[in-house]
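All remarks here apply to the structure that follows.
The values are calculated or read from the model by the stated rules, or taken from the named source; none is laboratory data. Predicted model only: the values in this text are computed from it and were never measured. Virtual Cβ from ideal backbone geometry, glycine too; neighbours counted across all protein chains shown. SASA here: full protein model, heavy atoms, side chains in, ligands and nucleic acids out. Shrake-Rupley method; radii C 1.70, N 1.55, O 1.52, S 1.80 Å.
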Amino acid sequence: NIEIGAFTDDPSKVKIRQHSIVITPPPANHASDGAVSIMEILQIENTSDSAFQTSLNGQTAGLYLNLPKGSEDLQLDEIFKGNFVADTGRLVSNQPLASGASSGGYSYVMHVGSGLDISRALTFDTDQLYVFVAEGLPFTPQSPILGAGRQERIHDMQYTIYATNAANPLPAGQTAELHFKVAAGGAAPTAGTGGGTQNPAMLALIAIVAACAGGFLVAAILKIRSPASQNSEPQTVQPPPDASWL
């Protein structure tokens with residue numbers, strides 16, 4: 001690991017301070033076929049005074065993040081869009097990661113069989129990982145890295161929140177085992193306001209997720225947009241959500 005000019009290639013300088021995973025019913029425009037929508041929000045810090053870049057498969061990369069197997073219909077927020085491309089189960093940015101803190105998010109759809117598996121190998125040290133499961137989804141975690149769930153109501157939506165132990169950060173290279181069992185008698189998820197929608201409640205949720213456990217960036221500006229919201233048809237302008245509660 002050496003520093004060359006204005007760049008560093010030392011991966012230990014990059015930390016995922018908080019990785020939040022929000023599991024909700026699928027978007028309203030998705031078939032009710034047992035799928036769920038998953039939104040991931042990351043707070044990232046390059047602790048070096050130099051921008052970070054490395055070589056991945058012979059190409060220069062500024063940041064790369066593994067996606068769980070089976071993910072589809074990937075949507076990027078405005079911060080990640082343009083810099084990231086999907087590359088064989090990964091999100092890869094060809095732009096150097098600037099020094100300091102940054103955040104971004106993305107969403108995708110997963111299909112549920114006898115359970116839900118969103119495990120993936122961690123590419124960078126992760127201080128803490130959270131999983132938010134929306135009320136009504138019959139998922140029970142089978143992952144030893146997650147503690148007991150706590151119930152919390154966030155902007156008129158009830159969630160069960162699981163978290164890793166803040167005293168034991170997850171090292172780069174470790175496989176984060178995130179297996180969820182479908183509870184006995186649980187019904188398949190039905191289409192609703194999943195991670196692909198854009199509404200004040202979801203923006204408020206993102207802000208709270210970012211603020212949990214001392215998050216250092218407010219991510220209320222993140223917008224996970226469904227394909228329908230990205231077409232050229234004129235859109236009705238909605239008033240911005242009241243952020244005074246934040």
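Numbers below:
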read-out: Pairwise label distance in nanometres, Gln158 with Leu74, each label 7 Å out on the Cα-Cβ vector; value: 3.5 nm
read-out: The stretch 8-72, accessible surface, carbon-and-sulfur percent (1.4 angstrom probe); value: 42 percent
read-out: Efficiency of FRET from Cβ geometry, Asp49 and His111, R₀ 25 Å, rounded to 0.05; value: 0.05
